[in-house]
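Structure first, commentary second.
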Amino acid sequence: MDMPQKELDAIAAERAKIFTPKWFARLLSGRLSPGDTFWLGNYGILLWVVPALVMLAMILAMSNPVAMLPTLQVFAGIMGIYRIAILRALIAATVSTPGPKGWRITGILWTLAEAAGLLGYAWMSLSA
């Protein structure tokens with residue numbers, strides 16, 4: 001069964017809003033669905049962050065290897081703070097959305113663990 005063009009256009013229009021400043025405001029305020037908040041907030045953003053980080057690490061490794069580790073530690077701290085913001089938004093989205101909460105709570109715990117890991121790495125590395 002083919003989807004009507006009207007529905008395809010609506011999907012395309014909705015996707016065009018992703019990763020815009022307005023979308024980030026909705027994401028961080030917990031006004032997206034729990035699924036969008038978890039998947040796009042935690043991992044969709046990595047579509048840009050990971051390639052940029054790999055390029056930065058490569059440039060630092062070639063030009064100033066001593067600066068690479070502290071730079072990556074600071075980056076881990078920034079990503080940990082970002083994950084805390086996503087965690088807060090995910091909790092808000094989960095509370096405000098009716099329905100079963102099992103997978104939503106799993107997403108909250110997963111995001112919390114990732115945030116703790118990133119912040120722990122940044123803290124332990126910077127304090128050593």
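The values are calculated or read from the model by the stated rules, or taken from the named source; none is laboratory data. Please read all numbers here as calculations on a predicted model, not as lab measurements. Cβ sites come from the backbone with ideal geometry, for glycine too, and all protein chains shown count toward neighbours. These area figures cover heavy atoms from the full protein model, side chains too; ligands, DNA and RNA do not enter into them. Shrake-Rupley method; radii C 1.70, N 1.55, O 1.52, S 1.80 Å.
Going by average Cβ density within 10 Å per residue, which order do the peptides 91-99, 46-54 take, highest to lowest?
Order by mean packing, descending: 91-99, 46-54.
Would you kindly state how much longer the chain becomes between Lys22 and Leu46 on full extension, computed as 0.36 nm times their sequence separation minus their alpha carbon distance, in nm to one decimal?
On the way: separation 24, 0.36 × 24 = 8.64 nm, distance 1.85 nm.
This chain segment gains 6.8 nm when fully extended.
Using label points projected 7 Å from each Cα along Cα→Cβ, tell me how many nm separate Lys101 and Met3, to one decimal.
3.2 nm
Which three lengths, in whole Å and largest first, does the chain cover when its Cα atoms are put on their principal axes?
That gives 56, 31, 26 Å along the principal axes, largest extent first.
I'd like the accessible area for Arg31: 1.4 Å probe, protein heavy atoms, all chains in place, Å² to the nearest 10.
140 Å²
From the backbone phi of the range 19-32, what are the Karplus-calculated ³J(HN,Hα) couplings (6.51 cos²θ - 1.76 cosθ + 1.60, θ = phi - 60°) in whole Hz, Gly and Pro given as x?
Karplus values, whole Hz, x for Gly and Pro: 6, 8, x, 5, 5, 4, 4, 5, 4, 6, 8, x, 9, 8.
To the nearest 0.05, what FRET efficiency results for Tyr121 and Ala10 with a Förster distance of 41 Å applied to their C-beta separation?
Efficiency computed from Cβ-Cβ geometry: 0.50.
Which value, in debye to the nearest 20, gives the size of the charge dipole of the chain about its Cα centre, when Lys and Arg are +1 and Asp and Glu are -1 at the Cβ? Please report the intermediate quantities before stating the final value.
Details: 10 positive and 6 negative charges, 72 e Å.
I would put it at about 340 debye.
Calculate, in nm to one decimal, what Ala113 and Ala67 gain on full extension: separation in residues at 0.36 nm each, minus their alpha carbon distance.
Contour length minus Cα-Cα distance gives 13.8 nm.
For a quick protection proxy, order the peptides 63-74, 3-14 by their average other-Cβ count within 10 Å, most packed first.
Final packing ranking: 63-74, 3-14.
Across 10 Å bins from the origin, how do the percents of Cα pairs in the range 46-89 run, short distances first?
27, 47, 21, 5
Can you tell me the accessible area per residue over the chain, all protein chains present, probe 1.4 angstrom, in square angstrom?
It amounts to 66 Å² per residue over the chain.
Just by accessible area at a 1.4 angstrom probe, what is the order of Trp23, Trp39 from largest to smallest?
Trp39, Trp23
With every protein chain present, what accessible area does Met58 have (1.4 Å probe, heavy atoms only), rounded to the nearest 10 Å²?
90 Å²
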